[in-house]
Structure formats: C-alpha cells, structure tokens
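Student: Before anything else, here's the structure in question.
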Amino acid sequence: MKLSNLFFNTLKESPKEAQIISHQLMLRASMIRQHTSGIYTWLPLGFRVLKNIENIVRYNQDKIGCNEMLMSTIQSSDLWKKSGRYPDYGKEMLRIHDRHDNELLYGPTNEEVITDLFKDYVNSYKGLPKYLYHIQWKFRDEIRPRFGVMRGREFLMKDAYSFDLDHKSAVDTYKIFFKCYLQTFLDLGLQPIPVKAATGAIGGDLSHEFQILAKTGESELAYDSKLVSDDLINKSYEEITSMYSASDEMIDRNKSDVVIGRGIEVGHIFNFGIKYSEPLECYVLNNEGKRVNLHMGSYGIGVSRLTAAIIEAYHDENGIKWPFQISPFKLNIISALKNENSIIDQDLYLKLKNKYENISLDDRDLSLGKKIKDSELIGVPWTIIIGKNYEQNKQFEIINRSSGEKLFLSDNEIENFPFEQYTP
RNA sequence: CGGGGAGUAGCUCAGUCUGGUAGAGUGUCUGCUUUGGGAGCAGAAAGUCGCAGGUUCGAAUCCUGUCUCCCCGACCA
C-alpha cells in the first residue's frame, strides 16, 4: 500500500489516558481509537494486525480438525436461565430488551448457545468427537476496563468447544488443544507458559492458562525455567505439565529454584464435563443404545488482547517491533532520491509486491527523518531506503527494525533476499 | 462499588488559588528555503474552556448539580 493512501496519523506524544507501553504505542501508531471506556475502533493499521493474528489462530484451529462457524453476538436469555448462569453472571453481562420487552444479552461467551445447537445435530456416539469454534466479538461489562485493548469490555475472542462421549476421550481432546495452543503462540512469535489454573466460575476439573512473559503482565508467575525452551512443543503433555508453574495466589511461596515473573494471560482452556450438557439436555445414544450426556470443553484465545501482548513483548523506545508474520506491512520502502522524476522506488515496490502480499511505499511528501521515525514507530520489520547509496553504488539500504542492523543490497540481491527470515 | 485524580485547539499542557472576556508547544494550512534521522523562516486557520443551573456589571476561574475519562482494589480472554 502507498502510505499516501493510508488512513493514519502518528503522534509524537502519547495521549494521557494510556498508561502502559502497548496502549501508548497503539495510540501513537494510529492502530486504535477509544470510543468509550473499554471500547475501541480498530483503525486500518490495527485492523491489519488483528487480522494477521486471527489468521494464525485460525490456521492452528483448522489443523486439529476444528470447524469454524459464527454464532450471533446477541443471545436470548432463555438458555442462560436453563443453564442457571443467568443470575450468576451478574452485572458483568450486558442485558438488553427488544421492542417486545424480551430479555436479550450481548454474549460474553457461548457455551449455552453451542450446546443447544449441538444436541439437535449429533444424536449418536458415531458422530463424536467434534470440535467447533468461532472468532467473534464478546462483551463483558468489566468493573474496570484498563490498559487499552488489554482489558477492554468489547473484545475479539477465539472460542472453541469440544464434544466427547466420555471423560477419557474428553481428556484426549484437552491434550490436543493444549498442544495446539502451544503451537499457536509459538507461531505468533511468543513464548507461552502453560499454568495450571483454578477453574473458577466456568467449573470443571482440568484447566490451564497460557501466559506470555511481560513486565507489565497482570499475573504474577512462578515457573520451572525448563518451561522456557525451544523444544517445548516436542515434549508430551505429561512431560510439560509435570514441570512446576503457578500464577498469583496459587503460587507455592516455599518453593525454591523457580523463576518469578509476570505474565499476560492470552489463552485459557477448560474441561468441564457435563456441566452444560446436563441442564441443556445435550446427549447421544452410546453403543448400547443408552443416553449419555456429552463431555465438553471450551478453549479461549484473546485475539484482540494478543495485539497488545505482542507489543508488550516486542518494542523499544522508538516504537513497535512486529514479528514478521504479524506486521501490518512486511517491509516499507522510502525514497530519498533528489531527482523528483525518479521512479526507482515505485519499480521496487511493484517488484517486491509480487513476492510479499503486504508491503508499503512511503510516497508522502515528508522529510526522510520523519518517514524513518514513522516506520520505526509502526514497527515494520524492514525499512528499505533508496538514497545516497543508490545514487553512488546502486545499492539499496535495508534496515532491520529489531537489531538496527543495516545491509546494502544490489537490485538482484534484494529480489531474492529472505525478508521473511526475521526474528524480533 | 470504595479510595484518588482529571476534563481548556487534533495531541501534550499553562491559565483557576487572587473573576476582567483565550494562551504555549506540537500537529494542520499557505508561501519560500530545505532534503540522510520527527527540517528552517514568515504568515494563517483552529477552542460553545465537559454539560446544566446559580452568584456577579462581568465566570475557564467562585457555588450547586450532573456527565465522562484515567489511576489503585475486587472480576476476567
């Protein structure tokens, strides 16, 4: 995209409402705009990032045979009354009335809806197990929204739901999602720490949070240093969960040889048995022709929160440092050639655009310094400058956002340069 | 909900104590000069001072009410 067409407006100073670095940078880079407390408009740059994250999450869900669908954001209160959660959810649930004075709500989660759906479509054990998910906006009327999209009231979540015949099978499913989550966060460029969780309001007997390390994280963590390892993904569920990890009040203060840190919770998985299938009468016939309630699990990833979490993990004093796969633009071309008629930058732009889907050309009439600063703030992994070195040696100057390293490449070299091999 | 703070130009803030009719930086616009790290000079546009009521000759400033936002705590992807 040509930046002259991009709707954005970078800020030198950060608006005072922002307290943490990710919130400040998201505002300064024009990724989001606050509409009201805890509710945000996603501007073009932010929306590109959100979609990139969403696609990585989607890819990993699809890989384990999870079916993508889309449920409504508005739900009827009926099912919540059946499950018993209508009174329990309290003020955090946004309750609304339609013109007939029917009680509706803006969905904070979807266990009821999906359980009610599932029971009418699968009636035999032969149709199990089945996994379903969607990526959808949720609303939880948080007591105190804060830190930008980190704890918004309206937020984008991937929520998956599993249906199994019995407990044993449900545990196998749980392990599949567990490994899938590790892979998803690794693909996003993050180092996940799985933490055994208290099951809380949702209930059930098996639950893990996935935390990523960040100084500004809301949870305190204590974990075995071996959990931070490159080949964690190659270990079995049993091996991984045998290593110590805990958050907040679950931490054993007497335990030594653990690493203490802070984390941002970006995922949470639950196995909760028949908690919803029983009241909502979701059952199948087993191989003896008997009715059995399905064993269910739910698996959440905070997609919009991840944008902030990734910035918390990857930034410096000049701005964001996006992992390549997340960045709104993979590389940014800036021309500093004095000859106004030069189209070297546009030629290069067209050439690289064939190879990389999203790249940008800063064709705005601004000083070189301002363009470089914007490129750094927005967090583009590679900035290509066509200037002095091009005029003298026909070389493009390539700046690596993360390391600050500069490379000088010829016309031929730049076409084959492995830009995607970038680590922030 | 309890405790604290703040609403003045797109953004950051001064002015409020001590009432006299709106300021700075940055951004924006115009012109000229610039062109390797948020350029320089000159000029310009831009604010019902959150809202409502009150006191006063006169209110951003004092009083009352109200709304919104931010921070600390309980809740959570």
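Student: Provide the solvent-accessible area of residue A:184, counting protein heavy atoms only and rolling a 1.4 Å probe, rounded to the nearest 10 Å².
Tutor: 0 Å²
Student: Using a simple charge model, +1 on the beta-carbon of Lys and Arg, -1 on the beta-carbon of Asp and Glu, nothing else, what dipole does the stretch A:201-307 show about its Cα centre, in debye to the nearest 20?
Tutor: 200 debye
Student: State, to one decimal in nm, how far the label point of residue A:292 lies from the label point of residue A:13, with both points 7 Å from Cα in the Cβ direction.
Tutor: It works out to 6.6 nm between the two label points.
Student: Using DSSP to call loops (not H, G, I, E or B), can you name the trypsin sites (Lys or Arg not before Pro) in the stretch A:289-357 whose Cβ has at most 11 other Cβ atoms within 10 angstrom?
Tutor: For trypsin sites (Lys or Arg not before Pro) across the stretch A:289-357 that sit outside H, G, I, E and B with at most 11 neighbouring Cβ atoms in 10 Å, the list reads A:290, A:338.
Student: Now for a different question. When all protein chains stay in place, what accessible area (Å², nearest 10, 1.4 Å probe) is found for residue A:391?
Tutor: That residue has around 90 Å² of solvent-accessible surface.
Student: What's the carbon and sulfur percent of the stretch A:31-313's accessible surface, probe 1.4 angstrom, rounded to a whole number?
Tutor: 49 percent
Student: Considering amide H positions built from the backbone, and no H for Pro or chain starts, which residues 5 or more places from residue A:395, or on another chain, come under 5 Å of its amide H?
Tutor: A:390
Student: If you don't mind, another one. Classify the stretch A:188-327 from the C-alpha gyration tensor, please: rounded if a/c falls under 1.5, else prolate or oblate depending on whether a/b exceeds b/c.
Tutor: Working: a/c = 2.30, a/b = 1.72, b/c = 1.33.
It comes out prolate by the Cα gyration axes.
Student: Roll a 1.4 Å probe over the protein chains and send me the accessible area per residue for chain A in Å². All intermediate terms of the calculation are to be shown ahead of the outcome.
Tutor: Numbers: 19820 Å² over 424 residues.
About 47 Å² of surface per residue is accessible.
Student: Suppose R0 equals 45 Å. What FRET efficiency, 1/(1 + (r/R0)^6) with r the Cβ-Cβ distance, do residue A:103 and residue A:183 give to the nearest 0.05?
Tutor: The pair residue A:103/residue A:183 has a calculated efficiency of 0.65.
Student: Rounded to a whole number, what is D in µm²/s for the stretch A:273-323 from Stokes-Einstein with the Kirkwood radius over alpha-carbon pairs (20 °C, 1.002 mPa s)?
Tutor: The diffusion coefficient I find is 146 µm²/s.
Student: Please tell me the relative contact order of the stretch A:211-283 in percent, rounded to the nearest whole number, where contacts are Cα pairs under 8 Å and at least six residues apart.
Tutor: Value for the stretch A:211-283: 49 percent.
Student: Another question, then. Which Cα, out of A:277, A:46, A:225, lies furthest along the positive dipole direction of chain A (beta carbon charges, K/R +1, D/E -1)?
Tutor: The residue sitting farthest along the positive end of the dipole is A:46.
Student: To check my understanding: the extent here is largest minus smallest coordinate of the Cα atoms along each principal axis. What are those three numbers for chain A, in Å, largest first?
Tutor: Taking the Cα atoms of chain A, the three principal extents are 81, 57, 44 Å.
Student: Something else about it: Largest first, how would A:37, A:229, A:360 line up by accessible area (1.4 Å probe)?
Tutor: So the residues, ranked largest to smallest area, are A:37, A:229, A:360.
Student: Also, I was wondering about something else. Roughly how many debye, to the nearest 20, is the charge dipole of chain A about its Cα centre, given +1 on each Lys and Arg Cβ, -1 on each Asp and Glu Cβ, and no other charges?
Tutor: I would put it at about 560 debye.
Student: For the stretch A:31-313, calculate the relative contact order in percent as a whole number, restricting contacts to Cα pairs under 8 Å that are 6 or more residues apart.
Tutor: Relative CO of the stretch A:31-313 lands at 22 percent.
Student: Using only the Cα atoms of the stretch A:38-145, construct the convex hull and provide its projected area averaged over every direction, in square nanometres to one decimal.
Tutor: Numbers: hull surface 37.0 nm².
That works out to 9.3 nm², a quarter of the Cα hull's surface.
Student: Under Stokes-Einstein, with the Kirkwood radius over Cα pairs standing in for Rh, what whole-number D in µm²/s applies to the stretch A:274-424 at 25 °C and 0.890 mPa s?
Tutor: Estimated diffusion coefficient is 133 µm²/s.
Student: Students sometimes get this wrong: rank A:274, A:56 by accessible area, probe 1.4 Å, all chains present, largest first. Kindly include the intermediate steps, with their values, before the conclusion.
Tutor: Numbers: A:274 55, A:56 25 Å².
Putting A:274, A:56 in descending order of accessible area: A:274, A:56.
Student: Among A:68, A:13, A:92, which one shows the biggest mean-square fluctuation in a GNM of chain A, springs joining Cα atoms closer than 10 Å?
Tutor: Looking only at A:68, A:13, A:92, the biggest GNM fluctuation is shown by A:13.
Student: Ignoring ligands, DNA and RNA, what percent of the 1.4 Å accessible area of the stretch A:341-396 is carbon and sulfur?
Tutor: Ligands and nucleic acids excluded, carbon and sulfur give 46 percent.
Student: Among A:174, A:117, A:104, flag the residue with its Cα farthest along the positive direction of the charge dipole of the stretch A:31-313, charges on Cβ as +1 for Lys/Arg and -1 for Asp/Glu.
Tutor: A:104
Student: OK, next. Check residue A:93: other-chain or 5+ apart residues with amide H under 5 Å from its amide H, H built from backbone geometry?
Tutor: A:141
Student: Taking amide H positions as placed 1.01 Å from N in the peptide plane, with prolines and chain starts having none, which residues 5 or more places from residue A:151, or on another chain, fall under 5 Å of its amide H?
Tutor: Excluding prolines and chain starts, which carry no amide H, the hits are A:146.
Student: What ³J(HN,Hα) values, in whole Hz, does the Karplus curve 6.51 cos²θ - 1.76 cosθ + 1.60 give for the stretch A:322-329 when θ = phi - 60°, with x put for Gly and Pro?
Tutor: Result, rounded to whole Hz: 5, x, 3, 6, 9, 4, x, 10.
Student: Could you please put A:97, A:315 in sequence from largest to smallest accessible area, using a 1.4 Å probe? Show your work: numbers first, answer last.
Tutor: On the way: A:97 115, A:315 60 Å².
Descending accessible area places them as A:97, A:315.
Student: OK, next. Quick one: how many Å² of residue A:51 are accessible to a 1.4 Å probe, rounded to 10?
Tutor: Roughly 90 Å² of residue A:51 is accessible to a 1.4 Å probe.
Student: In addition: About the Cα centre, and with charges only on the beta carbon of Lys, Arg (+1) and Asp, Glu (-1), how big is the dipole of the stretch A:88-151? Nearest 20 debye, please.
Tutor: Its charge dipole is roughly 360 debye.
Student: Across the stretch A:369-386, in residue order, what do the Karplus-derived ³J(HN,Hα) couplings come to in whole Hz, using 6.51 cos²θ - 1.76 cosθ + 1.60 with θ = phi - 60° and x for Gly and Pro?
Tutor: Going residue by residue, I get x, 5, 5, 5, 4, 5, 4, 5, 4, 5, x, 4, x, 10, 10, 10, 10, 10 Hz, with x marking Gly and Pro.
Student: While we're here: Where a ≥ b ≥ c are the square roots of the eigenvalues of the C-alpha gyration tensor, would you call the stretch A:96-250 rounded, which needs a/c under 1.5, or, failing that, prolate if a/b is larger than b/c, or oblate?
Tutor: oblate
Student: From the residues A:155, A:185, A:19, which one has its Cα farthest along the dipole of chain A in the positive direction, the dipole being from +1 and -1 charges on Cβ of Lys/Arg and Asp/Glu about the Cα centre?
Tutor: A:19
Student: Another question, then. Please check: in the Gaussian network model of chain A (C-alpha springs, under 10 Å), which one of A:231, A:78, A:62 has the largest mean-square fluctuation.
Tutor: Judging by the Gaussian network model, the answer is A:231.
Student: Near residue A:359, within a Cβ-to-Cβ distance under 9 Å, what is the net charge of the other residues, with Lys and Arg +1 and Asp and Glu -1?
Tutor: +2
Student: Over what distance in Å are the Cα centres of the stretch A:93-147 and the stretch A:353-421 separated?
Tutor: With the stretch A:93-147 and the stretch A:353-421 each reduced to a Cα centre, they are spaced 46 Å.
Student: Using alpha carbons only, how many angstrom separate the centre of the stretch A:220-278 from the centre of the stretch A:7-85?
Tutor: One Cα centre to the other: 25 Å.
The values are calculated or read from the model by the stated rules, or taken from the named source; none is laboratory data. It should be emphasised that the depicted structure is a prediction, and the values quoted were computed from it without experimental measurement. Please note: Cβ atoms are built from the backbone with ideal geometry, for glycine as well, and neighbour counts cover all protein chains shown. Side chains included, ligands, DNA and RNA excluded: accessible areas come from the protein's heavy atoms. Shrake-Rupley method; radii C 1.70, N 1.55, O 1.52, S 1.80 Å.
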